[in-house]
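One structure is given here, and the rest of the page talks about it.
The values are calculated or read from the model by the stated rules, or taken from the named source; none is laboratory data. Just so it is clear, the structure is predicted and the values come from calculations on it, not from any experiment. Because the Cβ atoms are built from the backbone with ideal geometry, glycine has one as well, and the counts that use them run over all protein chains shown. Side chains are part of the model used for accessible areas, which takes the heavy atoms of the whole protein and leaves out ligands, DNA and RNA. Shrake-Rupley method; radii C 1.70, N 1.55, O 1.52, S 1.80 Å.
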Amino acid sequence: MRILLLEDDAQLGPWITNGLREEGHVVDHFDDGKDALIAAMGQDFDLLILDRMVPGLDGLAVLKSLRASKDSTPALFLTALGEVEARVEGFEAGGDDYLTKPFAFAELSARVGALGRRREGADPTKTTQTVLRHSDLTLDLLARTCTRQGQQIDLMAKEIKLLEYLMRRPGRLVTRTMLLEQVWDMSFDPTTSVVETHISRLRAKIDKPFDVALLRTRRGEGYVFGA
C-alpha cells in the first residue's frame, strides 16, 4: 500500500516509516500538517496515519479538510490522548481507527493490514472491472482493445496501462510522479520525459481525431481525464 504518515516525533516517525517499508509499503512521511494535507489532496494514498498532536495543523484538522473534500481514504489516528472523548472526536471527524501511544509495532501493522483490506473491498479502482467506459471511449482490458465512437484505436501495452490508470480516476488530478510510480514503477526522476512522451502519443490516438478532448493537461500540476 501507499501510506501517508503525519508524525512529528523525531524518533517515532522514522521508526514507523522504516517498519512499514520493511513490510513492503510505500511511505510518505511528513512532520508538518500543511505539507501532509497538500500531498493527500494531490496524490492517491491507500491509508492515512495521522498524529493528533502535531503543532499547527494537526491530524484531526487534516482529516476534517480531506473529508470535507469527499476524500474517503481510510485514516488511523496515532495519539497520546487516550480519553474516550478524544477517541470519539477522532471518529466523528472521519477516522476509521485509533491507536494510543505507546504501542507495539505488531499492533500497528495488524491495524494497517485490516484497513488496507477494507480499502481494497470498497475502492472501485481496486476492483476486477475489466471493461472501462467513459463518454464514447471504451477500453477492454481482457481483449486489449480500445474504441471510440465505434472506431478501433491501436494502443501499445504501456499506453493501455496508462489509459487504464487514468480511466479509473475520472475528473481527478493525476500527477507526473503518480504515473511514474504506478505505471512505470519508477521513483521520481526529474530528467525523464517518458510520461510526457506517452501522454502525447495517447492524446494523439484517443483525442485528436475526435471533437471532444478527454485528456487534459494542467500546466505545472498534472493531468485530468474526462470530458
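Only residues that are outside any loop (DSSP other than H, G, I, E, B) and open to solvent by 20 Å² or more (accessible area, probe 1.4 Å): list them for the range 188-222, please. Even if it seems obvious, please write down each step before you answer.
Taking the range 188-222 first, the residues outside any loop (DSSP other than H, G, I, E, B) are 194-206, 215-218, 222.
Result: Val194, Glu196, Thr197, His198, Ser200, Arg201, Arg203, Ala204, Lys205, Arg216, Thr217, Arg218.
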Within the group Asp140, Asp154, Asp185, which residue is in contact with a strand residue (DSSP E or B) (Cβ under 6 Å, 6 or more places away or on another chain), over 22 Å from Asp71 (Cα atoms) and either at pLDDT 90 or above or open to solvent by 60 Å² or more (accessible area, probe 1.4 Å) (or both)? Asp140
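Any idea which of Asp28, Asp32, Asp51 is more than 19 Å from Arg117 (Cβ to Cβ), modelled with pLDDT of 90 or more and open to solvent by 50 Å² or more (accessible area, probe 1.4 Å)?
Numbers: Asp28 fails: open to solvent by 50 Å² or more (accessible area, probe 1.4 Å); Asp51 fails: open to solvent by 50 Å² or more (accessible area, probe 1.4 Å).
Matching residue, one of Asp28, Asp32, Asp51: Asp32.
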Looking at the range 38-67, I want the residues that are more than 22 Å from Arg168 (Cβ to Cβ) and assigned by TED's automatic domain parsing to the domain that holds Ile16 and have a partner that is open to solvent by 10 Å² or more (accessible area, probe 1.4 Å) and assigned to a helix (DSSP H, G or I) with Cβ atoms under 6 Å, at least 6 apart or on another chain. Which pairs are those? Arg52/Leu60; Leu57/Lys34; Val62/Leu37; Ser65/Leu37
Select from the range 150-178 the residues that are in contact with a Leu (Cβ under 8 Å, 6 or more places away or on another chain) and touching a residue at least 24 places away in the same chain (Cβ under 8 Å) and list them in ascending order. Leu155, Glu159, Leu162, Leu163, Glu164, Leu166, Met167, Arg168, Val174
With respect to Met178, determine if the residue is under 21 Å from Gln43 (Cβ atoms), part of a loop (DSSP other than H, G, I, E, B) and of a type in the set (A, V, I, L, M). no
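For the structure I just gave you, tell me whether Leu66 is of a type outside the set (Lys, Arg) and closer than 22 Å to Ala110 by Cα. Talk me through it step by step, then tell me what you get.
Details: of a type outside the set (Lys, Arg): yes; closer than 22 Å to Ala110 by Cα: no.
So Leu66 fails the test.
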In the range 54-78, anything touching a Gly at 6+ places or on another chain (Cβ under 6 Å) and buried (at least 22 other Cβ atoms within 10 Å of the Cβ) is listed as Val54, Val62, Leu63, Ala75, Phe77
How about the range 157-182: which of its residues are basic (Lys, Arg), at pLDDT 90 or above and surrounded by 15 or more Cβ atoms within 10 Å (Cβ to Cβ)? Lys161
Test Gly220 against the stated conditions and say whether it is at positive phi and either out of contact with any strand residue (DSSP E or B) (no Cβ under 8 Å at 6 or more places or on another chain) or acidic (Asp, Glu) (or both). yes
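Tally up the residues in the range 1-24 that are open to solvent by less than 50 Å² (accessible area, probe 1.4 Å) and assigned to a helix (DSSP H, G or I), please. Talk me through it step by step, then tell me what you get.
Of the range 1-24, the ones open to solvent by less than 50 Å² (accessible area, probe 1.4 Å) are 2-7, 12-13, 16-17, 19-20.
Filter once more, so that each one left must be assigned to a helix (DSSP H, G or I): 12-13, 16-17, 19-20.
Final tally of qualifying residues: 6.
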